[in-house]
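Reading through the structure tokens given below for one structure.
The values are calculated or read from the model by the stated rules, or taken from the named source; none is laboratory data. What you see is a predicted model, and the numbers here were worked out from it, not measured in a lab. Neighbour counts run over all protein chains shown; Cβ positions are idealised from the backbone, glycine included. In case anyone asks, the SASA skips ligands and DNA or RNA and just uses the protein heavy atoms, side chains included. Shrake-Rupley method; radii C 1.70, N 1.55, O 1.52, S 1.80 Å.
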Amino acid sequence: MPRFRPWLLRIGASGAALALQLGAAFAQLAPPAPNAPGSRELAAQATAPSGLYAYRHKLAQYVKAKRHDVLQAHFEERLAALGRGETTDVAVNRMFVLVGRADEADAGFFDQWVDAYPGSFVGALARGQFHLHRAWQGRGNKFASETRDHQFAEMNRWLPLARRDAQLALQREPRCAMCLALLIRLSMPMNLHNEARDWVNQALAIDARGVVAPLAYYESLDRRWGGSRDAQSSFVRMLELAGHAPAGTRLRAELETDAIDHRRWAGAAGAGTGLEAARRALAIADTYNGRYIEAYALMSLDRHDEAVEAFGRIVEQFDSPAEVFTNRAHSYAQLKRWPEAVRDLRIAYEDFRSPWAFEMLVRLAAGNSGWALRTRDGEAGELCREAALKGLAKAMTCLGGMHFFGTQGVARDLAQARQWFARAAEAGDAQGMMDLAQMCATGQGGPADRDEAIRWWLAAAEAGHPQAQARIDGEMSAWEKWRHVHWPEWVERSRGWFGVVLKVLSFLWGR
């Protein structure tokens, strides 16, 4: 770490000259096509109220359509704006990250993009971000101790490709600080910590006001990668002393928010303290972490109107992950704004494959949302059927209920209802157990079976269903309780030869 100080001080003294050199380098790019319809559409979408979520979808549409000409023109326009000081390297780098979040099937498109513009680094950097994204997708989202060998192997299949692309981009444009930032991000999973120190120095020499490369290096100093909070704090102080105000200010705010652990808040007092800390950090710089902690604190304090607005600002300003949409859905639901809640849960499920969002969609459709309001959303039939076929127990109960009542375009079919309740019960859903028990007790959808009804009442009570014990107390006779509850308990507690005799008698009795 001491090797930073002379570099940083020299860089800070020549910041203005380097910024002019950066602008000149970007001015040498191929002339942009500002009148291209696709490029205009992307530029308009990037600043639309719908935010970066819709912008990412627009980028993905051009990837699917294999329109690298439109993307090249749009990216060159924004790079030229960066050279003129009209935007930030954070905003421009975000475009590369967003376009890189493509499917594996789109790999060929990025190859075409690189080959179509041999004099430009744009396609190579975009492909590098694509390969880095695929690496993290292959790695999964679990802790290292829970990650399997084949997942690490999948990650390691893509990482060298991302590094190759970053190096190719630097060959095409040696003054590409964002290409060095990509190499720094690769240093974390590839264990290239010494190289990362050189890369961040090179990036600061290229762009003294740049934030992307210092931010990547700051993240590489996290404890997860063998660093420490002290190392991060030291790096921030060095940036500030060297006069790198944009990076130093941004990372100072990151340092403040990293100290807030919203997962350990203790009730309203903890959330209130977290809200104050988040707003202190936001007063330093506007960051995703600061905005997210602010919105999460408002939600935790049941200030849901404010929370919805705060999560909305995140969606407009940042490339938002699944938890932003699921948490905003929770606040919408608390406000009983069900269409918006369903919309956000669908985004979290369809775009991010969030299992929690999918389960909450099904609970909402089933009228068992945990939000104290029964509703029959128009998508209930589709959601429950899709989820039931995937094996989600709550969805099986939902589909059984639609067959039982004949709702959501499903014909009333008691036999089908009983079958779905049985599958839900076997899968462990307490409500499915109760519904199956009721149909067995009354002979709906099949033969009446009192013993089977009692078995599922008992199972539902053990699973914690709040009404199951009332059924047991109110509908089971003393003889049934002795036979189905007390006798099995007596047999289970018996030991030795006497227990063997009782188990044999229990078996014969059951026969």
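Worth a mention:
- In the range 96-115, residue farthest from F352 (Cα to Cα) [restricted to those that are surrounded by fewer than 22 Cβ atoms within 10 Å (Cβ to Cβ) and either charged (D, E, K, R) or over 27 Å from the mean Cα position of the chain (by Cα) (or both)]: D115
- Residues satisfying the stated conditions in the range 299-321, i.e. without any contact (Cβ under 8 Å) to a residue 40 or more places away in the chain, crowded, with 20+ Cβ neighbours inside 10 Å and small (G, A, S): A307, A310
- Selection of the range 389-434 for residues being open to solvent by 40 Å² or more (accessible area, probe 1.4 Å), in a helix (DSSP H, G or I) and under 17 Å from E462 (Cα atoms) yields E426, Q431.
- Residue match in the range 441-464 (condition: closer than 16 Å to A415 by Cα, in contact with an Asp or Glu (Cβ under 8 Å, 6 or more places away or on another chain) and not in a loop (DSSP other than H, G, I, E, B)): yes
- Of all the numbered requirements in (1) under 28 Å from the mean Cα position of the chain (by Cα); (2) under 30 Å from L161 (Cα atoms), V200 misses one, and that requirement is (1).
- The set of residues in the range 230-251 that are within 25 Å of the chain's Cα centre (by Cα) and basic (K, R) contains only R250.
- Failed condition for A126, given (1) in contact with a Lys or Arg (Cβ under 9 Å, 6 or more places away or on another chain); (2) at pLDDT 95 or above: (1)
- A count restricted to the range 237-246 and to residues that are in a helix (DSSP H, G or I) and closer than 21 Å to D89 by Cβ stands at 5.
- Only one of the numbered conditions (1) under 30 Å from S354 (Cβ atoms); (2) surrounded by 14 or more Cβ atoms within 10 Å (Cβ to Cβ); (3) modelled with pLDDT of 75 or more is violated by Q438, and that is (1).
- Near pairs, Cβ below 9 angstrom, 6+ apart or cross-chain, from the range 83-107 (in contact (Cβ under 8 Å) with a residue 60 or more places away in the chain) to any residue that is among the hydroxyl-bearing types (S, T, Y): L98/Y55
- Residue that is modelled with the lowest pLDDT [pool: residues in the range 368-388 that are within 21 Å of H465 (Cα to Cα), of a type in the set (G, A, S) and open to solvent by 40 Å² or more (accessible area, probe 1.4 Å)]: A372
- Residues (surrounded by fewer than 21 Cβ atoms within 10 Å (Cβ to Cβ), part of a helix (DSSP H, G or I) and in contact (Cβ under 8 Å) with a residue 40 or more places away in the chain) located in the range 116-135: A116
- Within the range 279-298, tally of residues that are over 21 Å from L251 (Cβ atoms) and open to solvent by 20 Å² or more (accessible area, probe 1.4 Å): 1
A quick yes/no check of all residues on (1) farther than 27 Å from A102 by Cβ; (2) modelled with pLDDT of 90 or more:
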{"site": "M299", "(1), (2)": "yes, yes"}
{"site": "I314", "(1), (2)": "no, yes"}
{"site": "F318", "(1), (2)": "no, no"}
{"site": "A333", "(1), (2)": "yes, no"}
{"site": "W338", "(1), (2)": "yes, no"}
{"site": "I347", "(1), (2)": "no, no"}
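- Hey, D103 within 18 Å of P174 (Cα to Cα) and acidic (D, E) or not: no
- Residue under evaluation P339, criteria (1) open to solvent by 50 Å² or more (accessible area, probe 1.4 Å); (2) within 18 Å of A278 (Cβ to Cβ), criterion not met: (2)
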